[in-house]
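Data first, discussion second: the structure below is written as structure tokens.
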Amino acid sequence: MKPERVIELSDPAIGLQGFVVIHTTAPGPAFGGCRVIGYDSPESCRADAIRLAEAMTYKFLINGMPGGGGKIAVMRGAIRDRRAVMHAIGDAIEALDGSYYSGPDSGLTPVDLAAIAERTSHVATEDLGPAAADGVVHAIRATAEHCGVALDGMRTAIQGLGAVGLPVASALIKAGGRVVGADVDAAARARAKSAGVELIEPGRLLHQTCELWSPCGLGGVLNRSSARRLDCKTVVGAANNQLADGDAVGILHARGIVFVPDFLANSGAAIRGAWRQLRGTPGTDDEVAAIYDTTLRLLRDADRLGRPPWDVAMDQMRQALAERARPRR
Ligand code: NAD
């Protein structure tokens, strides 16, 4: 589905180059964070914002929430005056007059968020990482139960041990699991080691024999080659847009590997953050924990239909969007 709005943010004087994308406001106002990373071109920045905004829509639809998806992506390499860029982003959010709410995402610091918040109240400044991690753990619990795997003794390989990956690893270790992990950042590795994660080289992660493979770094990790190589029973992780290649879905399914859609597994942050804007109080622990039931329901539906959970969820998303697009009487 084409995004409802794509707004280019461009101001060479301060080094602002980016995009605000509103995927849809049909279910309700759009929500999605602001990402500031090293894109190699404006086209890749725009494409990333479009993909991420669409995934945000699915996070709300799959949880039955009245929100749509949005996203801001900004080219880090272009920035000349970071504070001025953040103010311009705040002004752009404010101009959307409550049809879009932003928040943290990769590469945005608390100082950046505070600068954006000087210009608009339509931005979440709280750390949503813990809620994201809780949601991933609920999805993992449901998947393990569905696949007859006990958390006690479960072997997990985690890619990315940051704000979400590390608490997920800690929860699994606490439940009696064994966790191997990799991170490209030395400080993240040191924290993970203290938490009991067995560290391995990032390049060896795909070869780990495990029950759960959990992508918690950047997206785009599932392609034909990785889907053929993974030696696990399930894939459940925090990373947004894990699929680099739609064929990976069929390959994983044919190999008997259960892949839980990322937009479901990582929706805890969206639930926590969006409810605060929608009703004035943040999403509760119970609302985040409902990811467990939603995951179990999806996996049972997929089994009944003999189809990959991804395909079943996408059919549900298309139907939900079509229903919301119909004129209301
Ligand atoms: P983070 O930056 O705190 O952690 C990501 C970690 O992954 C970093 O330590 C980084 O060094 C590591 N990493 C990146 N590429 C890697 C690679 N190829 N191999 C090994 N390690 C790698 O980010 P986060 O907040 O933990 O988010 C992780 C993922 O979850 C991202 O894709 C993010 O978009 C998604 N997500 C985050 C939230 C949230 O609220 N934080 C919510 C939903 C989804």
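Bear in mind these aren't lab numbers, they're just calculated from the coordinates by the rules spelled out. Predicted model only: the values in this text are computed from it and were never measured. Heads up, the Cβs are rebuilt from the backbone with ideal geometry, glycines too, and the neighbour counts pull from every protein chain shown.
Quick notes
- Check: the range 219-329 dipole with +1 on Lys, Arg Cβ and -1 on Asp, Glu Cβ, in debye: 340 debye
- Over all other residues within a Cβ to Cβ distance under 12 Å of Y292, the charged ones net out to -4, with Lys and Arg as +1 and Asp and Glu as -1.
- The calculated FRET efficiency for the pair R307 and D152, based on their C-beta separation and a Förster distance of 25 Å, comes to about 0.25.
- Cα long-axis angle, helix 129-146 against the chain (0 to 90 degrees, to the nearest 10): 30 degrees
- Within the shell of other residues whose beta carbon sits under 14 angstrom from the beta carbon of T281, the net charge comes to -1, with Lys and Arg scored +1 and Asp and Glu -1.
- Inverting the pair-averaged 1/r between distinct Cα atoms of the chain gives 20.0 Å as its Kirkwood hydrodynamic radius.
- The Cα atoms of the range 136-275 cover 39, 38, 29 Å along the three principal axes, with the biggest extent listed first.
- Summed side-chain charge close to A244 - residues other than A244 whose Cβ falls under 13 Å, Lys, Arg +1, Asp, Glu -1: -2
- Straightening the chain between A186 and D81 buys 35.0 nm, computed as 0.36 nm per residue apart minus the Cα-Cα spacing.
- Rounded to the nearest 10 degrees, the angle from helix 268-279 to the longest Cα principal axis of the chain is 40 degrees.
- Kirkwood analysis of the range 9-51, using all unique Cα-Cα pairs, places the hydrodynamic radius at 11.7 Å.
- Against the chain, whose longest principal axis comes from its Cα atoms, helix 82-95 is set at around 80 degrees.
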